[in-house]
Each structure stands twice: as C-alpha cells, then as structure tokens.
Amino acid sequence: MPTVTRRYSKKRQAILDAIRSTDSHPGAEWIYSRLKSDYPSLSLATVYRNLRSFADEGEISCVGTVQGSERYDRNTKPHAHLVCEACGAVIDLEGIDAAADYAEAERESGGRVHTHSLTFTGLCGNCVSKGERIPSGNI
C-alpha cells in the first residue's frame, strides 16, 4: 500500500496538539469545541477525518466508543483502560501488563497477534466517592 504524505496545515497540527495536551481520551466533539474559536472555518468532519488519519498513521490510538462517541488516546503504547459507566471517563491503567498474554494468544490461536485492547468497565474513583451506581441495565 503506498504511503500517503499529508500536507501540513495549522488546523491539522492544532488537532494533534489538542489530543496530545490531555490525558482525558477526548472525542472529536471535544476537540472541535476546543478549537472552533481559534479556527472558525474548522468543521467537525475535518476533525473526524484527521483523527482517523492520525490513528492510521500510529500518531494516536483509538480507545473505542464510549457513551456514543469514538474516543482517542495520545498514548500509543500497549496499556489497559478503565471506562466509567457513570461519567464516561476513560482512565489509563499503566500498572497492568496489557501485553503479557501476546505469546499465549498466539500459541492458543496458532496465529500472530498484531494488536490488542484490554478495557475494564465499571466506576471510576470519582464516581465511587460520590456514591454513583452502575446504570441499570449495565450489570
């Protein structure tokens, strides 16, 4: 597959800088609302297109869909996440060796593991301390 060379643009760089500036695992809408005042001609479609491009290029990773929004991570190293079912927070779990079972997965499947994802769902510490409960239907 041929390599696509992307042209530099201030908007594209601003989108990448926005995701690199936070640990919150933002979605396109968050990035769009953060940048719109500085880039009035920015469209949500441009944000989505660039996020997909950055993920394809390995600049960022896609965590998955959380509460209806695709979420992204600046950290591209293998690591686990906790997704809070109450507030939608996505929290990095660096202390869990998410890559430890690659060899076992390859042995069991007879294949080759390229990537993986390990996501725990439940309540974040903030929601636990506020007495939040897992929304009904998610038990």
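The values are calculated or read from the model by the stated rules, or taken from the named source; none is laboratory data. Predicted model, so just to flag it, every value in this text is computed and none were measured. In this analysis, Cβ positions are derived from the backbone assuming ideal geometry, glycine residues included, and neighbour counts consider all displayed protein chains. Areas reflect the complete protein model, heavy atoms only, side chains present, ligands, DNA and RNA absent. Shrake-Rupley method; radii C 1.70, N 1.55, O 1.52, S 1.80 Å.
Taking amide H as placed 1.01 Å from N in the peptide plane, S117 has no amide H partner under 5 Å among residues 5 or more places away or on another chain. Taking the 1.4 Å solvent-accessible surface of the range 1-99 as the whole, the part contributed by carbon and sulfur is 51%. Bridge orientation summary for the chain: considering DSSP beta bridges with both residues in this region, about 70 percent are antiparallel.
Once you divide the Cα radius of gyration of the chain by 2.2 N^0.38 Å, the number left is 1.21. Among the helices of the chain, those built from whole DSSP H runs whose Cα atoms reach 18 Å or more along their own axis and whose mean Kyte-Doolittle hydropathy is at least -1.0 are 44-57.
Charging the Cβ of each Asp and Glu at -1 and of each Lys and Arg at +1, and nothing else, the dipole of the chain about its Cα centre rounds to 800 debye. Once backbone amide H atoms are built at 1.01 Å from N, L93 has A80, H81, L82 as its partners under 5 Å, excluding neighbours fewer than 5 places away on the same chain.
Among the protein heavy atoms, those of D23 account for about 100 Å² of accessible surface (1.4 Å probe, every chain in place). Highest mean first, the peptides 102-111, 48-57 sorted by other C-beta atoms within 10 Å per residue fall in the order 48-57, 102-111.
The residues of the chain present an accessible area of 65 Å² per residue when probed at 1.4 Å with all protein chains retained.
Using just its DSSP H runs of length 4 or more, each adding -39500 (n - 2.57), the chain gives a mean residue ellipticity at 222 nm of -9500 deg cm²/dmol after division by all residues.
Between V90, V47, V128, the residue with the greatest mean-square fluctuation in the GNM of the chain (Cα pairs under 10 Å linked by springs) is V128. Residues in the range 62-69 carry Karplus couplings, in order, of 9, 7, x, 8, 10, 6, x, 10 Hz; the curve used is 6.51 cos²θ - 1.76 cosθ + 1.60 with θ = phi - 60°, and Gly or Pro positions show x.
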